[in-house]
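*Asks:* Below are the structure tokens for one structure; questions will follow.
Readers should treat all values here as calculations from the given coordinates under stated rules, not as data from a laboratory. All values derive from a computational prediction rather than experimental measurement. Glycine gets a Cβ as well: all are built from the backbone with ideal geometry, and neighbour counts include every protein chain shown.
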Amino acid sequence: MRYGIVDPIAHTFELVKVQTFEDAMHRAALPERVDHSVLMRGIGIVVYKYGLFVPAALQSYFAFGHRLYAGFALLYGYDETGRTCDLELPDTLRPRWFDRPAQVEEAIARGEIGRPRIVAEGEIIWSWPEPAPAGMGALVEMPKGTKHA
């Protein structure tokens, strides 16, 4: 199966062939706590669940389109039934790299990417690059993909 691995430290986005999804997760150096999201129709992305809560100066960032991501990531393909399949990438899908939090802020100010936020009942509970919301800070680890690891 073909997957894509994003390494924001090395600024690489490579396609790899491995036998299983678990092999791809291991190859992408993702920790156990992850979130899955849809990058675009037919393409999913897996990232460290608390990556955006890692202190900004220690984290590595990239964006796909208007969305900011933190740390290493795995991209995979899925079909209309939701089954994982070979990743097929459009030529236009390439990550944009950010070397410093200030570059992220500049891109947000220009409207090129959105500021990550947690909103509940219309109230902003958290926005990047603030520290993790109360009660979540203890969950944040420094996985591979942070600048100290």
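*Asks:* Mind ordering 26-32, 71-77, 55-61 by average Cβ neighbours within 10 Å, highest first?
*Replies:* 71-77, 55-61, 26-32
*Asks:* Please list 3J(HN,Hα) in residue order for segment 69-78, calculated via the Karplus relation 6.51 cos²θ - 1.76 cosθ + 1.60 where θ = phi - 60°; whole Hz, with x for glycine and proline.
*Replies:* Going residue by residue, I get 10, 10, x, 5, 8, 10, 10, 9, x, 9 Hz, with x marking Gly and Pro.
*Asks:* Most mobile of VAL34, VAL46, VAL104 per a Gaussian network model of the chain (Cα springs, under 10 Å)?
*Replies:* It is VAL34.
*Asks:* If amide hydrogens are placed 1.01 Å from N in the peptide plane, which non-local residues have theirs closer than 5 Å to the one on ALA73?
*Replies:* Placed amide hydrogens put VAL6 under 5 Å from ALA73.
*Asks:* Obtain the nm distance between the two label points defined at GLU112 and CYS85 by a simple spin-label model: each point lies 7 Å from its Cα along the Cα-to-C-beta direction.
*Replies:* 3.4
*Asks:* Still on this model: In segment 84-130, what trypsin sites (Lys or Arg not before Pro) fall in a loop by DSSP, with at most 14 other Cβ atoms inside 10 Å?
*Replies:* ARG110
*Asks:* Follow-up. For the chain, modelled as a GNM with alpha-carbon contacts under 10 angstrom, which of THR20, THR84, THR92 fluctuates the most?
*Replies:* For the chain, modelled as a Gaussian network with Cα springs under 10 Å, the answer is THR92.
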